[in-house]
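The values are calculated or read from the model by the stated rules, or taken from the named source; none is laboratory data. Remember, it's a predicted structure, so these values are computed and weren't measured experimentally. For neighbour counting, all protein chains shown are included, and Cβ atoms are generated from backbone atoms with ideal geometry for every residue, glycine included. We work out accessible area using only protein heavy atoms, side chains counted, and drop any ligands, DNA or RNA first. Shrake-Rupley method; radii C 1.70, N 1.55, O 1.52, S 1.80 Å.
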Amino acid sequence: SIYTDVYTGGRAVYVAMNPTTGTGTCWGSFVCPGVDFTGVTQIVASDTDMLAWSKTLGTGQCVGHFVTADCNGVDFTGVTDVVASCHAFLALRKGAGTAACWGHTDHCGSSATFDFTGTTDIYAMCQGFVALNKDASTTLCFGHPSYGASSCPGGLTTLYNPTTTTTVTTSTTSRIPASSKQTVGYIYRTVESIDSSGPNILSNRAGGSGWLAVEGTTGYTLGWAGLNGPAGGNLKGWYDRIITGMYAMVAVNINDGTAICWGSAAYGGDCTGVDFTGVTDVYCCSESCIAWKQSLGEVVCWGSTNFCDGEDQDFTGVTAIYPNYHGYLAVAGSTALWVGNSYFKSTMQSQDLTGVTDCVTGQQSWICENGWTGERFCFGSHCPSSSVDLSIYTDV
């Protein structure tokens, strides 16, 4: 009850804080004793480290396993944006046209030699970063060369023609509405709206499998860094959302039941033969994707068979589905149905979900809320101690 915000990120990073009182607690892969959360405006998490950043105060504090010492040498004065790869952080100062990158040196690449003047947006994937100047139609790409993140692909800048593009807006909405300050580490459920006023960059940060750029006016697409998207395919006006998994992406039109998939065929990148007629929504986890047909009480799963266990159940009455790394939790009244890694089946199906109206997922845990009583409870393998009352927080 003493905290106002809860953040999840990385592989197992959980932070609850109250920036007014300066109090906070961390659990999962590390704890954060000694961190002063006073005035903190955003928590940014990599796989193994956390940055408590105050844009207002121009301060930053890092806790974790690898990059804390590097973070302590960063001047956060004037920093306007911060993003994290799996093992590095990038802080941008738009006014000064400078940036600081710290953490895994391969992820930061040659960023120290770059001029960030005019940069308007920064994006992170698992192994690197992209800096975009939407006014000058230029991009900077840097990161791990083994994952194709160290340079921009040919043709990328053609997506940013100032004669046809005036603004860039990328709308990222998780399945669970959350605080506007929430930062997402592993992205297993991401809906990207294709904006007709300009290009959109979609980062499949979860597995470092790549990027997809979509030009909103023409629908032209370009995939790179290991994620070979439907280059030249027209997504605009046909596919109304794109869902990212760890190794795959799915573009789907909910209205007419059409979809295309790409990425790793073994983990959801090949949906040949899948019937999307009547689909309500599509979700992806680490090694599979599912199409939920609410009116038919069905779920269709493709990808790794180990992550499709349970798809043959009767899903009649299901009102919501929450994916995470290992699979999909379906809520049907008080009953929990599970599709995915069978190791978690008994844990999921033993939960009483009476009154649950919302859940947020981590890699191996779930926090759900009873909309009638306000109670929040955690189950899975990464949960805070029983002494932590999650119901006192305003955001998860």
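At-a-glance table
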{"item": "Heavy atoms of Ser346 accessible to a 1.4 Å probe, total area in Å² rounded to 10", "result": "80 Å²"}
{"item": "Rounded to the nearest 10 Å², the accessible area of Cys26 at probe 1.4 Å", "result": "10 Å²"}
{"item": "Ile254 - accessible surface, heavy atoms, 1.4 Å probe, Å² rounded to 10", "result": "40 Å²"}
{"item": "Charge dipole magnitude, Cβ of K and R +1, D and E -1 - the range 1-98, Cα centre, debye nearest 20", "result": "160 debye"}
{"item": "Within straight-line cross-link reach of Lys94, aspartates and glutamates at Cα separation under 12 Å, skipping those fewer than 8 residues along the same chain", "result": "Asp81, Asp115, Asp121"}
{"item": "Spatially proximal aspartates and glutamates relative to Lys345 (Cα-Cα < 16 Å; intrachain offsets below 8 disregarded)", "result": "Asp309, Glu311, Asp312, Asp314"}
{"item": "Added length on full extension, which subtracts the Cα-Cα distance from 0.36 nm per residue, Thr272 to Glu375", "result": "32.8 nm"}
{"item": "Cβ-based net charge around Val6, under 10 Å, with every Lys or Arg adding one and every Asp or Glu removing one", "result": "-1"}
